[in-house]
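**Student:** Sending over a structure as structure tokens; questions will come in a sec.
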Amino acid sequence: MPDLKVLEPAAPGALAVLVEDYLAHCRAKGLSPKTVRDNYGFVLKAVFLPWCARESLTEPSQLTPRALDRFTSELLEKGGSRGPLSRFTIATYVETVNWWLNWLTAEGELKGPAKASVPKRPERVLDVLSREEVQALEDASKNERDKLIVRLLADPGIRRGALGGLRPRDLAARARSPYPPSRRTG
């Protein structure tokens, strides 16, 4: 009977293992699982590691400033898998890679400086509602709940997702007592 050679599964590359270690570190710090998965995980696993594979970069020591500038340049010139990327998106991707590189340095995996150049973001001017427009929205609200929603969206600029996750215990009235005021019987 001929010898059958059992093929061992390919070992994950050193960079992929370090990405998984970093993501585990982020989760252990208590970062939101959604942030770790959809932001850090996506950038490192779906954008950066495939680029490293195309560039034949397999070890942390190969992540030189020159190589990392090629990463930024490729994002600027070619965009992502679905086409061009905004400079804001590219800057976010590069910053995520730089946070990972900082962690690698702190962990002793990188010996020299390694940092990708973050592209300059265009100045963004946000069109915001005037006090009068916010007041008109609040006045048009049918109940106190809706007025509070308008205020939370307008004053601190809370995001829609964070607004949906708020609970009454998260809010405080002006006197720093819980909102709505507790109903105590005397």
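**Student:** Are there any pairs with C-beta distances below 6 angstrom linking a residue in the range 14-42 that is in contact (Cβ under 8 Å) with a residue 24 or more places away in the chain to a residue that is open to solvent by 50 Å² or more (accessible area, probe 1.4 Å) and in a loop (DSSP other than H, G, I, E, B), with the two at least 6 apart or on different chains, and if so which?
**Tutor:** Ala14/Glu59
**Student:** Tell me which residues, restricted to the range 31-57, are touching a Lys or Arg at 6+ places or on another chain (Cβ under 8 Å) and of a type in the set (Val, Ile, Thr).
**Tutor:** Scanning the range 31-57 gives a single hit, Val36.
**Student:** Quick check on my filter: what residues within the range 17-32 are touching a helix residue (DSSP H, G or I) at 6+ places or on another chain (Cβ under 6 Å) and closer than 19 Å to Cys52 by Cβ?
**Tutor:** Residues satisfying the conditions are Val19, Tyr22, Leu23.
**Student:** Could you tell me how many of the residues in the range 43-90 are in a helix (DSSP H, G or I), open to solvent by less than 50 Å² (accessible area, probe 1.4 Å), in contact (Cβ under 8 Å) with a residue 40 or more places away in the chain and under 19 Å from Tyr22 (Cα atoms)?
**Tutor:** So the count comes out to 6.
**Student:** While we're on this one: What residue, among those in the range 38-58 that are of a type in the set (Gly, Ala, Ser) and within 16 Å of Trp100 (Cα to Cα), is nearest to the chain's Cα centre (by Cα)?
**Tutor:** Gly41
**Student:** Just name the residue that is modelled with the highest pLDDT out of those in the range 111-165 that are surrounded by 12 or more Cβ atoms within 10 Å (Cβ to Cβ), assigned to a helix (DSSP H, G or I) and of a type in the set (Lys, Arg).
**Tutor:** This residue is Lys147.
The values are calculated or read from the model by the stated rules, or taken from the named source; none is laboratory data. Just so it is clear, the model here is predicted, and its values are computed rather than measured. Quick reminder, even Gly has a Cβ in these numbers, built from the backbone with ideal geometry, and neighbours come from all protein chains shown. Each accessible area value is taken on the protein alone, full model and side chains, heavy atoms only, with ligands, DNA and RNA left out. Shrake-Rupley method; radii C 1.70, N 1.55, O 1.52, S 1.80 Å.
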